[in-house]
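Inspection log for the structure reproduced underneath, given as structure tokens.
Nothing in this text is a laboratory measurement; each read-out follows from the coordinates by a stated rule. All values reported here derive from a predicted model rather than from experimental measurement. For neighbour counting, all protein chains shown are included, and Cβ atoms are generated from backbone atoms with ideal geometry for every residue, glycine included.
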Amino acid sequence: MEKIKVFDAFLVLKQGDITKEEVDAIVNAANPSLMGGGGVDGAIHRAGGPEILRECIKIAEEIGGRLPRGEAVATTAGKLKAKYVIHTAGPIWHGGDHNEPEILRKCYRNSLEKGLSLGLKSIAFPSISTGVYGYPVELASRVAIKAVVDFLKEKNGYEEVRFVLFDDRTYQAYVQAAEEIAKTK
């Protein structure tokens, strides 16, 4: 586990299962339909139970069926230890020249904004878009860490921003990105 002081907050990187985190909110790398899916999305829906899906259905109806990529919405966390799940739909990797970095940056920024609007002090992120959406982990980690550091530079409120990374390869990529980007702040 890595813990780095970034302005008024701590940036924490760890390998593990995001569904077991005790934070104010966990972020779901959601399918734009908000109906659950594979990877982190499916794991969060299974662990949190049907309350999350019920709220997702209601939100999907209100927003016209699909969450725009890069946007973020919040639901209950159901049976999870967190208070909320913040759902964000990341970009599908198409080689990097289809606005993928900007959409991914918006996922982190809008999730952090949503959390502040709810008065949260701690939030945990997975590695958004690096599973079935195919975003290269080494590139995604740099976008993610920079987006979080830039946000923490601009806004106060968070005590801890955590990255909970599923495997060692992803964890190591995020540690390297954090050492290059966050430790210089």
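Within the stretch 8-22, restricting attention to residues that are out of contact with any Lys or Arg (no Cβ under 6 Å at 6 or more places or on another chain) and hydrophobic (A, V, I, L, M, F, W, C), which residue is farthest from Lys183 (Cα to Cα)? In this case the residue turns out to be Ile18. Comparison of Ala124, Ala140, Ala177, Ala147 shows that the only residue that is surrounded by 20 or more Cβ atoms within 10 Å (Cβ to Cβ), in a strand (DSSP E or B) and in contact (Cβ under 8 Å) with a residue 24 or more places away in the chain is Ala124.
Table: residues versus (1) of a type in the set (Gly, Ala, Ser); (2) under 14 Å from the mean Cα position of the chain (by Cα).
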| position | (1), (2) |
| --- | --- |
| Glu61 | no, no |
| Pro68 | no, no |
| Glu71 | no, yes |
| Ala82 | yes, yes |
| Pro91 | no, yes |
| His98 | no, no |
| Ser117 | yes, no |
| Ile123 | no, yes |
| Gly131 | yes, yes |
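Suppose the filter is more than 16 Å from the chain's Cα centre (by Cα), surrounded by 15 or more Cβ atoms within 10 Å (Cβ to Cβ) and either part of a loop (DSSP other than H, G, I, E, B) or basic (Lys, Arg) (or both); does Gly78 pass it? When the stated conditions are applied, Gly78 passes them. All of Ala74, Ala60, Ala147 fail the test of being touching a Phe, Trp or Tyr at 6+ places or on another chain (Cβ under 7 Å) and over 27 Å from Gln176 (Cβ atoms), apart from Ala74. Any residue that is touching a residue at least 60 places away in the same chain (Cβ under 8 Å), of a type in the set (A, V, I, L, M), closer than 16 Å to Thr88 by Cβ and assigned to a strand (DSSP E or B) - is there at least one of those in the stretch 30-42? Looking through the stretch 30-42, none of the residues is touching a residue at least 60 places away in the same chain (Cβ under 8 Å), of a type in the set (A, V, I, L, M), closer than 16 Å to Thr88 by Cβ and assigned to a strand (DSSP E or B). Checked against (1) of a type in the set (Val, Ile, Thr); (2) more than 24 Å from Asn156 (Cβ to Cβ); (3) in contact with a Ser or Thr (Cβ under 6 Å, 6 or more places away or on another chain), Thr88 passes all but a single condition, namely (2).
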